[in-house]
Each structure stands twice: as structure tokens, then as C-alpha cells.
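Got a structure here, written out as C-alpha cells. Questions coming.
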Amino acid sequence: MEMKTIFRTHIIAIAACLLLHACKKDETRTYFEGGTPPVLSADDSVLILTKDNQDETAVTFSWTNPGYSFNDGVSSQDVTYILMVDTAGANFTSPSMQEVSISKDLSKTFTENDLNTVLTKLNLQENIAHNVEFKLRASLVNNSVPLFSNVIQIEITPYLDVAVPIPPTGVLYVTGDGTASGWTNTPPETQLCDKISNTEYAITMSLKPGFFYKFLSTQNQWQPQYGVNTATSSNPKQGGDIGYNFALPGQKDPDAIPTPDEAGTYKVDLNFKTGKYTVTK
């Protein structure tokens, strides 16, 4: 046999072996074949939440297994579930939409307090019935292959629950070297905040960089006092978590809120339901 023929035969044999090896390797690969969107249900459709019953069960959500399947059988991977909560008509796109993480289980039970806390973060007015929508998102590792359930609606009346105690006098003043009055516990009426609701106050004022301010609820007293919780607020000049001192044992005055980097007129909004304040120009 000629040398060229021998060489050609060897090349063909090697190529055949490589092809056979590749085919065998393909045979061991795992392929995703599909799944079924979970079906979500709840054991109640109308809820009236009360603080007196905060530890009682409010509602239990259940859903079917999405049955993620692969060519080598049903998935053995962990499935993660997210219960999405939003007001009716918002289509789960509102800025305050909430997500509750649930690992592996096929049900989730909320106490009245648990559910009311979620609704508080939605900034829903208390003691009024609201149509609230729920939807489940199932996914595999790294949020891959998401499957969404049907949407269910529940009429829920939440109760007043705040992250930060509201001003007991029903009024709120701003004070500090960032204001016209300077630091004083008798700020003028021009530094009185607008009361938007029992749980929200706002004031529009001129601010210069390099100064600070806080909020007081009682004339001639330094407590109750509101400022910023700097430990949990990454950018307190633009907003963050409200800190407070009601002169209770162990409490300390919160840090003062720093003014923005650029001089101008700003609106400072304090939301005691969410425990957040925002500063917008």
C-alpha cells in the first residue's frame, strides 16, 4: 500500500473516532424540555385585617408544581418561587410592587401581620378595602426559565401599621442650620410641614450644601425627634431611612440629615408607613 493511501486511511479512521466520541458525548448532555406554568389559588377572597388578630392566619396561597422536565427526567434542581403583590390594574409594574421569596414549597401562609406588612409597603391607605393582585413566578437556578402563574385578586382591608412612629401631635416642624431659623426647638410656622395624611408629611424649602436639618413634632421640646438612620441609608442627601428618638430608654438622637450637594429648592417627604424620606428638587 502506498504511503499516501496509508496516511489517508489513518486520517479517516481518526475522524471517525472523533465523530463517534462527539456523538457519545452529545448523548450524555441534558436538555431542558419544558414545564407548565403553576396554577395559583388562595383559600379566601375577602380579608379584613386587624391589629388585634395580627398573629392569626390571614390566608394561605397554594400552587401546582411547574414540573420542569429535562431529557433525562423531571428536574432534580431546586425551584424558587416569588409571590408578586401589586394593586389591581398596575400589572405588577408599579414602583411599590412587592415580591415575597419562597424556596421549594408549594404553599405560603401569611399571618395578618405578615400580610399587612406587605400591604404597608404598597403604601395602601388603612381601613379601606383595596383590590390586591397576586401572581407567582417560578424559576430554576439563577432565575433561569421563569414560568408565571395566573393572577388572582383578593379584596383586603389593611390596618394602620407604620415602620416609624408617627408625630403624636399631628404636626411636624423642620429645624437645623440648613433652615432659616437655625437649630431651635421652637421653629417658626414657616417651617411647618404640610400634613398629607396621618402617615405622610412634606415641606418644600431652600437648601444649601454643607448644612443639616431634623424634624420635631412638639414646640419647646427636642423629642420626639426625627432624622436619618445613617447605618441603613446609603445616600442620605437624597433620601433614606427615617431615624427617631421618642426619649424612651436606650434611644439616642438620630443623625441630622445632610443637605444636597447643589443649592436649590427641594421637597422633603417623610413617609412613616414605609419609614423612608425622599429629597427631590
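Read the figures in this text as sums done on the coordinates, not as results from a lab. Computed from a prediction, not measured in an experiment: that's the story for all the values here. Heads up, the Cβs are rebuilt from the backbone with ideal geometry, glycines too, and the neighbour counts pull from every protein chain shown.
Expressed in nm to one decimal, what extension gain is obtained for the pair residue 31 and residue 211 from 0.36 nm per residue of sequence separation less their Cα-Cα distance? It would help to have the intermediate numbers written out before the result.
Details: separation 180, 0.36 × 180 = 64.80 nm, distance 6.03 nm.
Length gained between residue 31 and residue 211: 58.8 nm.
Going 7 Å from the Cα of residue 129 along its beta-carbon direction, which residues of the stretch 43-76 have the amide nitrogen within less than 14 Å of the resulting point?
Under 14 Å, as judged by backbone N against the label point of residue 129, lie 45-49 of the stretch 43-76.
Can you tell me the FRET efficiency between residue 184 and residue 111 if r is taken as the Cβ-Cβ distance and R0 is 30 Å, rounded to the nearest 0.05?
On the way: r = 44 Å, r/R0 = 1.47.
So, using R0 = 30 Å, E works out to roughly 0.10.
For residue 255, what is the net charge nearby, where nearby means another residue's Cβ is under 13 Å from its Cβ and Lys, Arg count +1, Asp, Glu -1? Present the calculation step by step, with values, prior to reporting the outcome.
Values: positive: 214, 237, 252; negative: 241, 253.
Every neighbour counted, the sum reads +1.
Taking R0 as 30 Å, what FRET efficiency do you get between residue 192 and residue 82 from their Cβ-Cβ distance, rounded to the nearest 0.05? Walk me through the intermediate numbers first.
Working: r = 43 Å, r/R0 = 1.42.
About 0.10, to the nearest 0.05.
Under the rule a/c < 1.5 gives rounded, and otherwise a/b versus b/c splits prolate from oblate, where does the stretch 173-280 land using the Cα gyration tensor? Show your work: numbers first, answer last.
Numbers: a/c = 1.30, a/b = 1.12, b/c = 1.16.
In terms of gyration-tensor shape, rounded.
Give the whole-number value, in cubic angstrom per residue, of the convex hull volume spanned by the C-alpha atoms of the stretch 55-171.
In the stretch 55-171, the Cα hull volume divided by residue count equals 132 Å³.
So what are the ³J(HN,Hα) numbers for the stretch 207-218, from phi and the Karplus equation (6.51, -1.76, 1.60; θ = phi - 60°), rounded to whole Hz, Gly and Pro as x?
Whole-Hz 3J(HN,Hα) from phi for the stretch 207-218: 10, 10, x, x, 10, 9, 7, 9, 10, 10, 10, 10.
Now a separate question. With both bridge residues required to lie in the chain, what share of the DSSP beta bridges run antiparallel, to the nearest 5%? Mind showing how you got there, number by number?
Details: 67 of 70 bridges.
Rounded to the nearest five, the antiparallel share is 95 percent.
Any idea how many Lys pairs in the stretch 173-280 come in under 15 angstrom at the alpha carbon, given 8 or more places apart or on separate chains?
Here the count comes out as 11.
For the chain, which semi-axes, largest first and in whole Å, follow from the square roots of 5 times the eigenvalues of its Cα gyration tensor? Don't skip to the end; give the middle numbers.
Working: eigenvalues 653, 166, 41 Å².
Ellipsoid half-lengths, sorted descending, are 57, 29, 14 Å.
For a footprinting-style exposure proxy, rank 29, 137 by other Cβ within 10 Å, fewest first. Spell out each step's value before the answer.
Numbers: 29 9, 137 18.
So the residues, fewest neighbours to most, are 29, 137.
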